[in-house]
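Have a look at the structure below, then the notes.
The values are calculated or read from the model by the stated rules, or taken from the named source; none is laboratory data. Computed from a predicted structure; not experimentally measured. Heads up, the Cβs are rebuilt from the backbone with ideal geometry, glycines too, and the neighbour counts pull from every protein chain shown. Heavy atoms of the whole protein, side chains included, go into the accessibility calculation; ligands, DNA and RNA do not. Shrake-Rupley method; radii C 1.70, N 1.55, O 1.52, S 1.80 Å.
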Amino acid sequence: MKGKETPPLVELSDLTVTYDGQVLIDSINLDVIAGETLAIVGESGAGKTTLLRSLLGVTSHGFKVSGSLTFKGQQQDLASHRSSDSLVKGSIAYVPQNPSVGLDPLKRLKWQWSQALRGARALKGTLLPKEQGAEEKTFSENILSQLKLKAFDKKYPHQWSRGMQQRLLLAFALIAKPKIIILDEPTSALDPIIAAKALVEVTKVARDHNISVLMVTHDLALATQFADRVAVLSSGKLIEVGMTDEILNSPSDPYTSNLVKHRHWGHAHA
Amino acid sequence: MLEVNNLSVQMQNQCLLEDINFDLCRGETLCIIGESGSGKTTLLRSLLGLIPLSQGSVSLNGHVYQSPESSQIGLPSTQMVMQDPIAALNPRKKVKISIAESLYRSSLKAAEIAHAIKQALNDVELPDGLENRYPSQISLGQAQRVCIARAIVAKPDILFFDEPLSALDAIIQKQIAQVLERIKKQNELSYIFITHDLGFARHYADKILLLNRGKVAEYQGVGLFFERPESAYGQELLEAAYILGSLPHKKTKEIQAA
């Protein structure tokens, strides 16, 4: 996981995104190694969301993407990359910042869970919903119990707390057995006690199943708590990528060292 | 200077705040912390007189604001800075007009107002000439500085802040916090912050008021709170802050191993 010899799982090469002549992402090369936790850290406007969207193939109309994506030895041109025919389709799960946007407010949670299971099955090519193998059943029950999700009863999303909703979305993401799970600003919609518990749990589950976690955040202190590697993004450029300890102890770029210096309050750390 | 006694707020038979007591001396900073829904904003609103008290009283420099008499609108000599500076400024008015609105009840002449605005912008370290711009032409950090200038130009005794830094980038946060600290010392102001950034609270607060479900879970000096929180809830919150890295010195992996 930590050795640099491990071939990367996903590789973005020379990713450039422009909108209306403005360069939003400037020839970024980034890879994700299997099983690692990689944090992408950047301040507002750095290009975090654009980077994610290009990786997932869901850029909005008007964005011009170039570069290439390599996944499992296959390469794809990013210029025509859409989520529906992407190499990474079914291999990357995305957990949105605000859990309520990921749930249908008018449907019971149990129904939404069954849809997620069905989606996961469709991705694996076994479309018949009733053919739920014993192995699959234990796997999904495992995920639910690991994330401490109890019975759905007949509840609707609004009857669950945001912390529980967030965990359910994590479970949705995990049952598809993705290779990578993306956490977009995982703490911002949650209160700290719940956020801490959810993050500790999800990183543990991901480690148990050898899933990479791609954490996107503006908070360097949070990133360094959880990540094996940290990538620093600023004004569309990848400033620095390194092991967390390297970034903290010997940042090579002045921008990074400034961020490191200011990650906590107080002059003692300045 | 400020005293809050047995303050309770009820709305539609729901008790939002129950029996809140605290005081604040000149030059002190109080941080109100708690989860969303714990009543932080309700407390601030009731102190400002935007929500009637159901019980208790608030007194500031001898002015008493009491329940259920809500004829008095808020406390004198207080000002407030909100979370989202762009939403707090009128987009159709130049920055200087927005700042001047704080002075509309004063008897200052136009030249004096212009001078006060210049002085306030200077205090928050904004460049000359910015007063003639519109909110859309300045950055988020600059807009928050304008909001602070607008608050201090009225020469209040207490400034209320509702998450004033959470919309800003980390480095900007620290710069503005330093500006606030200097202004506080210069003018002998008192600050009341609503925040969920425990790192900020530890560094800038003198006292901590921890709310949980509308009740005071803990009211302590900042040193004691961060060393030895009395309530189980306070301990849990600190532990979470260490895990999330908002407070330095503990690694998650150690916590997981423990």
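Restricting to the range A:226-249, and then to whatever is closer than 22 Å to residue B:244 by Cα and of a type outside the set (A, V, I, L, M, F, W, C), can you tell me which residue is most open to solvent (accessible area, probe 1.4 Å)? It would help to see each step written out before you state the result.
Residues of the range A:226-249 closer than 22 Å to residue B:244 by Cα: A:226-233, A:241-249.
In the following step, the residues that additionally are of a type outside the set (A, V, I, L, M, F, W, C) were identified as A:228-229, A:242, A:244-246, A:249.
Numbers: A:228: 20, A:229: 28, A:242: 7, A:244: 7, A:245: 94, A:246: 83, A:249: 124 Å².
Filtering first and then ranking leaves A:249.
Every listed requirement among (1) surrounded by 14 or more Cβ atoms within 10 Å (Cβ to Cβ); (2) in contact (Cβ under 8 Å) with a residue 40 or more places away in the chain; (3) of a type in the set (Gly, Ala, Ser) is met by residue B:136 save one, (1). Taken together, the residues in the range A:152-181 that are farther than 30 Å from residue A:39 by Cβ and either touching a Lys or Arg at 6+ places or on another chain (Cβ under 7 Å) or modelled with pLDDT of 80 or more (or both) amount to 6.
Picking from A:45, A:35, which residue would you name as being assigned to a loop (DSSP other than H, G, I, E, B) and either polar (S, T, N, Q) or within 26 Å of residue A:209 (Cβ to Cβ) (or both)?
Details: A:45 fails: either polar (S, T, N, Q) or within 26 Å of residue A:209 (Cβ to Cβ) (or both).
Testing whether each residue is assigned to a loop (DSSP other than H, G, I, E, B) and either polar (S, T, N, Q) or within 26 Å of residue A:209 (Cβ to Cβ) (or both) leaves just A:35.
I'd like the residue in the range A:173-183 that is out of contact with any strand residue (DSSP E or B) (no Cβ under 6 Å at 6 or more places or on another chain) and in a helix (DSSP H, G or I) and, out of all such residues, is nearest to the other protein chains (Cβ to nearest Cβ). If we take residues in the range A:173-183 being out of contact with any strand residue (DSSP E or B) (no Cβ under 6 Å at 6 or more places or on another chain) and in a helix (DSSP H, G or I), then A:174 is nearest to the other protein chains (Cβ to nearest Cβ). Being more than 22 Å from residue B:185 (Cα to Cα) and within 14 Å of chain A (Cβ to nearest Cβ), is that true of even one residue in the range B:61-84? Checked against the condition, which is being more than 22 Å from residue B:185 (Cα to Cα) and within 14 Å of chain A (Cβ to nearest Cβ), the range B:61-84 yields at least one hit. Residues in the range B:63-100 that are open to solvent by 70 Å² or more (accessible area, probe 1.4 Å), in a loop (DSSP other than H, G, I, E, B) and modelled with pLDDT under 85: B:68, B:69, B:71, B:73. Of all residues being closer than 25 Å to residue A:31 by Cβ and within 14 Å of chain B (Cβ to nearest Cβ) in the range A:252-270, which is most open to solvent (accessible area, probe 1.4 Å)? Just the residue, please. Only one residue tops the list, namely A:254. Residue count for the range A:226-251 under the criterion of being within 12 Å of another protein chain (Cβ to nearest Cβ) and charged (D, E, K, R): the result is 2. Quick one: which of B:111, B:151 is buried (at least 16 other Cβ atoms within 10 Å of the Cβ) and more than 14 Å from every other protein chain (Cβ to nearest Cβ)? After ruling out the rest, the residue left standing is B:151. Evaluation of residue B:208 against the conditions (1) open to solvent by 10 Å² or more (accessible area, probe 1.4 Å); (2) touching a Lys or Arg at 6+ places or on another chain (Cβ under 9 Å); (3) more than 9 Å from every other protein chain (Cβ to nearest Cβ) shows that the sole unmet condition is (1). Checked against the criterion of being out of contact with any Ser or Thr (no Cβ under 6 Å at 6 or more places or on another chain), small (Gly, Ala, Ser) and open to solvent by 40 Å² or more (accessible area, probe 1.4 Å), the range B:177-189 contains not a single residue that satisfies it. Pairing residues of the range B:236-258 that are more than 8 Å from chain A (Cβ to nearest Cβ) and surrounded by 15 or more Cβ atoms within 10 Å (Cβ to Cβ) with residues that are part of a helix (DSSP H, G or I) and modelled with pLDDT under 80, at Cβ distances under 8 Å and at least 6 apart in sequence or on separate chains, gives B:242/B:255. Residues considered: A:223, A:189. Of these, the only one that is within 10 Å of chain B (Cβ to nearest Cβ) and open to solvent by less than 10 Å² (accessible area, probe 1.4 Å) is A:223. Looking at the range B:12-56, which of its residues are in a loop (DSSP other than H, G, I, E, B) and under 27 Å from residue B:236 (Cβ atoms)? Of everything in the range B:12-56, those that are in a loop (DSSP other than H, G, I, E, B) and under 27 Å from residue B:236 (Cβ atoms) turn out to be B:28, B:34, B:35, B:36, B:37, B:38, B:39. The residue of the range A:192-220 that is nearest to residue A:109 (Cα to Cα), among those that are more than 8 Å from chain B (Cβ to nearest Cβ) and among the small types (Gly, Ala, Ser), is A:198. Residues that are in contact with a Phe, Trp or Tyr (Cβ under 6 Å, 6 or more places away or on another chain) and either open to solvent by 50 Å² or more (accessible area, probe 1.4 Å) or aromatic (Phe, Trp, Tyr) (or both) number at least 1 in the following strands (runs of 3 or more DSSP E) confined to the range A:60-157: A:63-71. Being assigned to a helix (DSSP H, G or I), open to solvent by less than 20 Å² (accessible area, probe 1.4 Å), more than 9 Å from chain B (Cβ to nearest Cβ) and touching a strand residue (DSSP E or B) at 6+ places or on another chain (Cβ under 7 Å) is a property that holds for residue A:170.
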